[in-house]
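Visitor: Take this structure first; my questions come after.
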Amino acid sequence: MRKLNGFWKWIITVLSVSLVIFQIYTSGFGAFPDIVQRSVHLFFVLTLCFLLKPMRKGKDMDKVPVIDIIFSILAAGSTLYMFFTYQKILWDPLQWVSPLDTFFAVVLVILTLEASRRAVGLTFPIMAAVFLIYAYYGEYFPGMWGHQRFSFDYIFQNFYHSTNGIWGTMVGLSATMLAMFGIFGAVLSATGGSQTFIKLGQILTGKSVGGPGKVSLIASGLFGMISGSAMANVVATGTFTIPLMKRSKYSSEWSAAISAVGSTGGQIMPPMMGAGAFIMAQLISVSYLKIAVAAIVPAFLYYFGAFVALHFLSLKLGIRGTAVKEKISYVEYSIIFIPIIVFIFFLVSNYTVTIAAFYATIASIITCAICYFIRTKSASTAAKDTGKLCFDVSMKGASSILDMAALLAGAQIAISLISMTGFGVKLSDLIVSIGQNNLFLCLVLSMFVCIILGMGLPTTAAYVLAAAILAPALISLDIQPLIAHIFVFYFSTLATITPPVCAAVFLSAGIAEANWLKTGWLSCLLAIPAFVVPYTFAYNKALLLMGNPYNIALGVITAIIGVFIIGLAIAGYTNKRMNMILRVIMFIGGIFLLIPNMAWSLIGLVVGGISIVMSSDLNKMKKGSGQIG
């Protein structure tokens, strides 16, 4: 982001505050018609993007070059043109209203892709270029990949004149639900959310074995619910927790891996999951609350597995807890947890996520104002502090909206072309045919595609593309839509810690001054249960708290035992170090317990139990032989 002063700083401030006011007003008092809401939203987003984000990183950071001023003016013109003429266009969307209409349609597509490039890289511009060629020359492609040729007019009218193009579902979500949630997250961040969660982690686990590592997992998991981004999470919490872990004798690579794993899991942690979960609710037409409930057990298993492995690894390394001096005041508790409670209350009361985030944001501001007054005993000082908080929230909230909206607008263009050409359906058919209707093979293929998509994209963007391409294939094999989407969402999330391109690992390794490749493999090792659990709930919906109570209880208990045994195998330690053969046997036993089949679970229980007993016996034998010698 550029750091601007003078006239441009004033322009940025006005646009940012106006964007946040627009989003809060339409969230609380009702959105405008779709194209109006989305065109005004993109007006702010694209204009700010070209003023704040340089064409090349590190260049022109303190000024706005002429080309970006031109881009901003064109972005404003092409979005406001739709705002003023949408009623005329809707009468006949397959006709150009004027030459200016055609010009703005092409300009807006180009500028949207350029904005997405500045936000997340070349992925969406390249995809859009490839699919544009595919749409225009589809008749020349052989076999199942061929389709009728779409004309220039049809393609760009679809982009500009309908909610199937730029103004589609992704931009619609960005212009309503996700924008309001971004503002809510900015409030919690601005009021010291990351520091409060770090303190809470220290109070809960700081004195226990491996205390600094557990603090990192707790703080990263809690703050990750708010930020919705593994990378932002690493920066917010890792800058404190990673040096703390290194001082406690964790290696640089383990410190970075623990931070990356904890930060990544925040996106799948109810009740406030990442933006991808909100998008999922819209795509499959289920309540967000149902998704959050379904995610409880997998999220618990993710962190439980990491905690078990970390605990026994810390025992092996001799890392104990540290004295805890941190205290959290009632004011700090109130500022963070009252808004979260309000958010959950409105969700449970069957309000939309947008409304829940709106009232939670209002509750947060009111709570802060009251706390400021209690602290200062001065109404004027409290009002001044509250006003400063609102301004900070506006700037942080606008920045959060900007990043999210730019990538979703680019994704919307790619998704529009995928839908127009039928590419998603064709790829789904190909995956099913390669898998020969074998569900397990299709799940494996889907996992790899999700991880590949997530290599160059944030989790939300990776999930959006995976949902368009992969979820239909899994649904065609009789997997329920909710299960199919949670499956691809989990692996889109795990891509941030999976080498060779793993953004959360890159950041945490940089902070820890660690080897990123070794950090990546350690992150995967620590999170191994997370790579297995999605397969379990794909076959056994009990882990998503779906089905009868007996099956749910049985599935959850066997999964917990399996994850515990896997954690022991990862650490390679019970009360003494284990040899590699025993660790492999123990690991296999844990995997068997995660297979949704009673016979396999019993085998896993026996194998895991025997390996734990053998580990203890071997250690006793070593002690005995040592005493004899």
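Visitor: Heavy-atom accessible area per residue, the chain, 1.4 Å probe: how many Å²?
Guide: Result: 41 Å² per residue.
Visitor: Which listed residue (67, 223, 552) has the Cα farthest towards the positive end of the charge dipole for the chain, taking +1 on Lys and Arg C-beta and -1 on Asp and Glu C-beta about the Cα centre?
Guide: Of the candidates, 223 comes out farthest on the positive side.
Visitor: Just the projected area, averaged over all directions, of the convex hull on the alpha carbon atoms of region 87-205: how many nm²?
Guide: That works out to 12.3 nm².
Visitor: Which of rounded, prolate or oblate describes region 1-151 when judged by the alpha-carbon gyration tensor and an a/c cut-off of 1.5?
Guide: Details: a/c = 2.18, a/b = 1.37, b/c = 1.59.
Here region 1-151 falls in the oblate category.
Visitor: Quantify, in whole percent, the carbon and sulfur part of the accessible surface of the chain (1.4 Å probe; protein heavy atoms only).
Guide: Numbers: 17410 of 25650 Å².
Reported share for carbon and sulfur atoms: 68 percent.
Visitor: Now, a different point. Which distance in nm do the two modelled labels at residue 140 and residue 419 give, with both placed 7 Å along the Cα-to-Cβ direction?
Guide: That separation, rounded to one decimal, is 2.8 nm.
Visitor: What does the helix-only formula give at 222 nm for the chain: each DSSP H stretch with n ≥ 4 adding -39500 (n - 2.57), the total divided by the residues, and the result rounded to the nearest 500 deg cm²/dmol? Intermediate results must be reported in sequence, preceding the final value.
Guide: On the way: 30 runs with 476 residues, N = 629.
Per the formula, -25000 deg cm²/dmol.
Visitor: Just the Cα atoms of the chain, one point each, no solvent: what log10 I(q)/I(0) does Debye give at q = 0.07, 0.11 Å⁻¹?
Guide: Debye intensities relative to I(0), on a log10 scale: -0.47, -1.12.
Visitor: Is region 143-242 best put as rounded, prolate or oblate by its Cα gyration tensor, with a ≥ b ≥ c the root eigenvalues, rounded for a/c under 1.5, and otherwise prolate when a/b is larger than b/c, oblate when not?
Guide: Cα axes put region 143-242 in the prolate bin.
Visitor: At q = 0.15, 0.24 Å⁻¹, work out log10 I(q)/I(0) for region 472-544 with the Debye formula, treating every Cα as an identical point scatterer and leaving solvent out; two decimals please.
Guide: Log10 of I(q)/I(0), two decimals: -0.58, -0.97.
Visitor: I need the shape label for region 41-111. Rule: rounded when a/c is under 1.5, else prolate if a/b > b/c, else oblate, with a, b, c from the alpha carbon gyration tensor.
Guide: It comes out prolate by the Cα gyration axes.
Visitor: Rounded to the nearest 20 Debye, what is the dipole magnitude of the chain about its Cα centre when Lys and Arg each give +1 and Asp and Glu each give -1 at the C-beta?
Guide: Result for the chain is approximately 2360 debye, rounded to the nearest 20.
Visitor: According to the Kirkwood expression over distinct Cα-Cα pairs, how big is the hydrodynamic radius of region 442-574, in Å?
Guide: 15.8
Visitor: Over every pair of different alpha-carbon atoms in region 377-512, take the mean of 1/r and invert it; report that Kirkwood radius in Å.
Guide: Value: 17.2 Å, from the Cα pair sum.
Visitor: How far apart, in nm, are two points set 7 Å out from the Cα along the Cα-to-Cβ line at residue 97 and at residue 576?
Guide: Label at residue 97, label at residue 576, 8.1 nm between them.
Visitor: Next question, about the same structure. State, in angstrom, two size descriptors of region 534-619 derived from its alpha carbons: Rg to one decimal place and Dmax to the nearest whole number.
Guide: 13.5, 43
Visitor: Lysine pairs in region 1-146 with Cα distance under 22 Å, only those 8 or more apart or on different chains: how many are there?
Guide: 9
Visitor: Tell me the relative contact order for region 239-326 as a rounded percent, counting alpha carbon contacts under 8 Å between residues six or more apart.
Guide: 26
Visitor: Using alpha-carbon positions, what is the distance between the centroids of region 595-617 and region 82-144, in Å?
Guide: 57
The values are calculated or read from the model by the stated rules, or taken from the named source; none is laboratory data. Nothing here was measured: the structure is a model prediction, and the numbers come from that model. Note that each Cβ is placed from the backbone with ideal geometry, even for glycine, and that neighbours are counted across all protein chains shown. What goes into the accessible areas is simple: the full protein's heavy atoms, side chains included, and nothing from ligands, DNA or RNA. Shrake-Rupley method; radii C 1.70, N 1.55, O 1.52, S 1.80 Å.
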